[in-house]
Amino acid sequence: MHNILQTGILRCLLLLLVFTATQLTACRQKSHGSPAGYDLHKPQKRDFSKLLNEISGLHFDKESQSLLAISDSKDKIFQIDLKTQKLKDYANNFAPQGDFEDIVKVGKTVYVLVSDGTLLAVPPGAKDCSRTKVYKFWLPGKNDFESLYHDPALNGLIILCKSCEQEKGKGIRTAYRFDLDSLRFDSMALYSIALDSLKTQLKTEDVSFKPSAASINPVDSLLYILGSSGKILVIADRRGKLLHAYNLNPDRHPQAEGITFGPNGTMFISNEGKYGKATLQYYFYTPRKQTKPK
């Protein structure tokens, strides 16, 4: 009788644990909303090779219909064929050793962001650094950048502070523009994003926002910003006005460091391999159904 009672109690405890875990998982999934046109719960996935274990930047190249990628410590630009999933070299030895964080192609030139805000202009097919042009950023102090994107409407490249000395105590993240005509950085910040606005959007005081990648979506013309440390996806207008913020699933995006879009709105997010294999997650865009007026 005693053994039967123990078995019954154990079964009840087991069922309770299963039920609790299921409810927690459901709550966790519900906390991760999705931007209009996307389902962040249903990505396509591929694993990267060890060559891209520290992938830090991603760009969709319209000319070749492929992805260009950069790795933190390798002075090499990789090309990822989206049909065959194979890697090949796009440029090599384009700069002395550095901390390379993001990548954008404008025309024939590839721009690579260094963590201190420096931009490197790399010509196509580079095999050494003899033709690489270096544009130093002027902001004084200790600064860290990981995000670079192109805004054609502003004819500029925009870099976003991950953490900049002049932001301390202000509760902001700041953006700066590099003019593609003069090939110089503007002397003033382009815009700033208030961290308090993110807290309001996410309904929590516990928000970490250190931009790790950014790109403009060609379908809705909005700016999408990744925050790897806080596991968030921020959507703003092109002057930095916050519109939406979403939690990213940490199991799918343990270290999201790259974002770019295909012409049809497909969203590609790359993850460094710090907590497992480096991966590429991509999300197809589905236009909203238009409701017919009654």
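The values are calculated or read from the model by the stated rules, or taken from the named source; none is laboratory data. These figures come from a predicted structure and were not determined experimentally. As a convention, Cβ positions derive from the backbone with ideal geometry for all residues, glycine included, and neighbour counts pool all protein chains shown. Accessible surface areas use protein heavy atoms only, side chains included; no ligands, DNA or RNA. Shrake-Rupley method; radii C 1.70, N 1.55, O 1.52, S 1.80 Å.
For this structure, a couple of remarks:
- Yes/no for Leu139 being touching a residue at least 60 places away in the same chain (Cβ under 8 Å) and either open to solvent by 10 Å² or more (accessible area, probe 1.4 Å) or not small (Gly, Ala, Ser) (or both): no
- Single residue of segment 61-79 satisfying the filter (among the small types (Gly, Ala, Ser) and not in a strand (DSSP E or B)) that is surrounded by the most Cβ atoms within 10 Å (Cβ to Cβ): Ser64
- Neighbours by Cβ (under 6 Å, 6+ apart or cross-chain): first from segment 196-210, under 12 Å from Gly227 (Cβ atoms) and β-branched (Val, Ile, Thr); second in a helix (DSSP H, G or I) and open to solvent by less than 70 Å² (accessible area, probe 1.4 Å): Val207/Leu198; Val207/Lys199
- Near pairs, Cβ below 7 angstrom, 6+ apart or cross-chain, from segment 175-189 (open to solvent by 50 Å² or more (accessible area, probe 1.4 Å)) to any residue that is assigned to a loop (DSSP other than H, G, I, E, B) and of a type outside the set (Phe, Trp, Tyr): Asp181/Asn155
- Hits in segment 80-125 - residues which are of a type in the set (A, V, I, L, M), over 16 Å from Glu63 (Cα atoms), in a strand (DSSP E or B) and open to solvent by less than 40 Å² (accessible area, probe 1.4 Å): Val112, Leu113, Val114, Leu119, Leu120, Ala121, Val122
- Residue within segment 48-60 that is open to solvent by 20 Å² or more (accessible area, probe 1.4 Å), within 22 Å of Leu157 (Cβ to Cβ), at pLDDT 85 or above and out of contact with any Leu (no Cβ under 6 Å at 6 or more places or on another chain) present: no
- Wholly within segment 223-272, strands (runs of 3 or more DSSP E) carrying at least 3 residues that are farther than 18 Å from Thr204 by Cβ and touching a Leu at 6+ places or on another chain (Cβ under 6 Å): 256-261
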